[in-house]
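The values are calculated or read from the model by the stated rules, or taken from the named source; none is laboratory data. Bear in mind that the values here come from a model prediction, so they are computed numbers and not experimental data. Glycine also receives a Cβ, built like all others from the backbone with ideal geometry; neighbour counts cover every protein chain displayed.
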Amino acid sequence: MHGPKEKKERALGVRLGLKGDRAMSPKSALTRKPYKPGAHGPRSRPKALSEFGLQLREKAKFKISYGVNENNMKRLFTMARAAKGASGMRVLELLESRLDSVVFLLGWAVSRAAARQLVVQGHITVNKKKVVSPGYQLRKGDVVAVRAASKGNRTFTDRLELIKKYDAPSWLHMDADKLEGTMLSTPTDLTPPFEINLLVDSFSK
């Protein structure tokens, strides 16, 4: 039986990487059943969405992919509007610089959902202090690390060889031996995974 994460991907018709490597495998629910879940199977003519419907769908993609809720998104947009630059890209920078996103981007977890678990379970520190909030906003110069007591956890030991070969984004520096990463700058060279303009439009009313 496929879990709710894969049903969300099927409902939106896009891979969100919620289950790590499985998402790209032949076992993926979206690969086996590339249509919306439901009792009646695939439809020959998918229902066309209105502009509002398209906005809601793109918002759902961002929220599910980054593990944020409506209030989180509203708060990020408020922060983005108060900063310089395009609101859409600023929101994306804020999403990418969340602690759970950075743990994922350092290669320590197979997905953002798995990275959130590592943070909530107390395996991660920021500037040598344990942080259990996945949405903690990192800033330039912050040092993220795996707690000394957690380094022997199989979650990390099983991935150690992959981590050593992993290339983190240019705005992050990783010391694979120490399981430590430093945020060198705000996220750069970002490519929106979905339609960022539709996301902006959904919060501009």
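A few points about this structure:
- Just one of (1) assigned to a loop (DSSP other than H, G, I, E, B); (2) touching a Leu at 6+ places or on another chain (Cβ under 9 Å) fails for Met174. It is (1).
- Count of the stretch 81-93 residues which are surrounded by fewer than 22 Cβ atoms within 10 Å (Cβ to Cβ), under 30 Å from Asp167 (Cβ atoms) and either in contact with a Pro (Cβ under 9 Å, 6 or more places away or on another chain) or among the small types (Gly, Ala, Ser) (or both): 7
- When Asn127 is tested against (1) at pLDDT below 95; (2) surrounded by fewer than 17 Cβ atoms within 10 Å (Cβ to Cβ); (3) not β-branched (Val, Ile, Thr), only condition (1) is not met.
- For the stretch 146-171, the set of residues classified as outside any helix (DSSP H, G or I) and either surrounded by 14 or more Cβ atoms within 10 Å (Cβ to Cβ) or among the aliphatic types (A, V, I, L, M) (or both) consists of Val146, Arg147, Lys151, Asn153, Arg159, Tyr166, Ala168, Pro169, Trp171, listed by residue number.
For (1) in contact (Cβ under 8 Å) with a residue 24 or more places away in the chain; (2) over 15 Å from the mean Cα position of the chain (by Cα), each residue gets a yes or a no:
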site: Ala115; (1), (2): no, no
site: Arg154; (1), (2): no, yes
site: Glu180; (1), (2): yes, yes
site: Leu198; (1), (2): yes, yes
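- Where helices (runs of 4 or more DSSP H) fall wholly inside the stretch 46-141, the ranges with 1 or more residues that are closer than 16 Å to Ile196 by Cβ and among the polar types (S, T, N, Q) are 51-66, 87-96, 99-105.
- Single unsatisfied condition, Thr188 versus (1) of a type in the set (Val, Ile, Thr); (2) under 30 Å from Arg81 (Cα atoms); (3) at pLDDT 95 or above: (3)
- Per-region count, the stretch 177-191, residues surrounded by fewer than 18 Cβ atoms within 10 Å (Cβ to Cβ) and touching a helix residue (DSSP H, G or I) at 6+ places or on another chain (Cβ under 6 Å): 2
- Filtered residues of the stretch 48-67 (kept if free of Cβ contacts under 8 Å to residues at least 24 places away in the same chain and either closer than 21 Å to Asp100 by Cα or surrounded by 15 or more Cβ atoms within 10 Å (Cβ to Cβ) (or both)): Lys63
- Filtered residues of the stretch 167-178 (kept if touching a residue at least 60 places away in the same chain (Cβ under 8 Å) and over 17 Å from Ala148 (Cα atoms)): Ala168, Pro169, Leu172
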